[in-house]
Amino acid sequence: MRLCHMLGRAGYIFIFLAMVLSILASRSSKFCWFQAILVLSGMAWLYALRMKDKWKRIFELEGKVVVLTGASSGLGEALAHRLYAAGCRLILLSRRVDQLERVKQEVMMAHRRATVYPPVVLELDLAQTQSAQQAARAALAVFGHVDILISNAGISYRGEASETTPSVDAQLMQVNYLGQLAVLKTLLPSMLERRAGHLLCVSSVQGRIAIPYRSAYAASKHALQAFCDSLRAEVADRGVLVTVVSPSYIRTELSRNAVTATGDAYNKLDATTASGMSTDEAADRVLDALLHHRPETLISPLKDRLAVLLRHLVPSVFFWLMERRARAGTGRPGR
């Protein structure tokens, strides 16, 4: 899908070029047909790429049973719209059932021409392992199997590592890692038995690198990344795919819902979050990774990609930069 976006921009360039040529050749009629062909070609190219992307979703996803966690807002909500429009049999899970019902009604109203599989709504509390397992079993019982799990739920954190209570560290690890595994491991045996399934975990760039004042969050995402890397190798020849998507900042309520070092609600929209990518862009990139069976995808601006590269190639430089960031107080709560 990223390639389609790039080629789509090329279509816009064709149209822009045609407009420029039109101005330059305004006194001559011999370029008229050339201009028309150029404009139509650019528009046709753009339209064909968009339709190809749309039909790829429909053909590959129609009728698939998809369990989507964290579907009550943000990225999960944007994914719900796209998956429903593609004809998936959606099972939406979140802690906030009232918001899930809202999402269910909105996707059905927004995509009336889509294949009708009314989404199923289930409550999910990742903070309780047993509850997460029960929710996963209930999801599995709806259609008797699950084709795709998109594990998207989670919480964030802001605080200094030295001031963070062990209970907050445990909370982040439970919701972002152990709770996710409780759902995944409940659904996995059925996929292995059928020799078919796709597990997609939404992690974070901070599952690849760690920055100051995000220790508990980065630790939980690193754990998820490492688990998926191990699992991917183990199930590679058993028909099950594993994908890790690592986005940078997305314009959601994630920072508002974050917890502090003492477990209190952060309740602020960070500037980095406010200036992040849209949920629509992020959802398109997630589906691109899903449809193309990518082992992992980094959804981030160039500077974050370079940071990941730097961490592995020249770690001493990366550590020095993070020390400077910490001394400057960048990302510290209250700044």
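Since every read-out is calculated from the coordinates, none of them should be taken as a lab result. Keep in mind the model is a prediction, meaning the values are calculated, not measured. Here the Cβ positions follow ideal geometry from the backbone for every residue, glycine too, while neighbour counts run over all protein chains shown.
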Original post:
In whole Å, what is the distance between the alpha-carbon centres of segment 229-244 and segment 178-195?
Top reply: 12
Subject >> Stretchable slack from ARG137 to ARG294, in nm (0.36 nm times residue separation minus alpha-carbon distance) >> reply: 53.8 nm
Original post:
Counting pairs of alpha carbon atoms under 8 Å apart in space and at least six apart in sequence, what relative contact order in percent does segment 63-328 give?
Top reply: 18
Original post:
Is the shape of segment 245-316 rounded, prolate or oblate, going by the alpha carbon gyration tensor and its root eigenvalues a ≥ b ≥ c, with a/c under 1.5 for rounded and a/b larger than b/c for prolate?
Top reply: oblate
Subject >> Among 182-189, 154-161, 126-133, the order from most to least packed when residues are scored by Cβ within 10 Å on average >> reply: 154-161, 182-189, 126-133
**OP:** Please label the shape of segment 63-328 as rounded, prolate or oblate, based on the square roots a ≥ b ≥ c of the eigenvalues of the alpha-carbon gyration tensor (a/c under 1.5 means rounded; beyond that, a/b larger than b/c means prolate, else oblate).
**Re:** prolate
**OP:** Return the subset of LYS64/LYS104; LYS64/LYS185; LYS104/LYS303; LYS64/LYS303; LYS64/LYS268 for which the Cα-Cα distance in this structure is over 28 Å, preserving the input order.
**Re:** LYS104/LYS303; LYS64/LYS303; LYS64/LYS268
**OP:** Name the residues whose placed amide hydrogens come within less than 5 Å of the amide hydrogen of LEU298, ignoring near sequence neighbours (fewer than 5 apart) on the same chain.
**Re:** SER246
Original post:
When a footprinting reagent is the concern and you count Cβ atoms within 10 Å, what order do LEU269, LEU313, LEU140 take, fewest first?
Top reply: LEU313, LEU269, LEU140
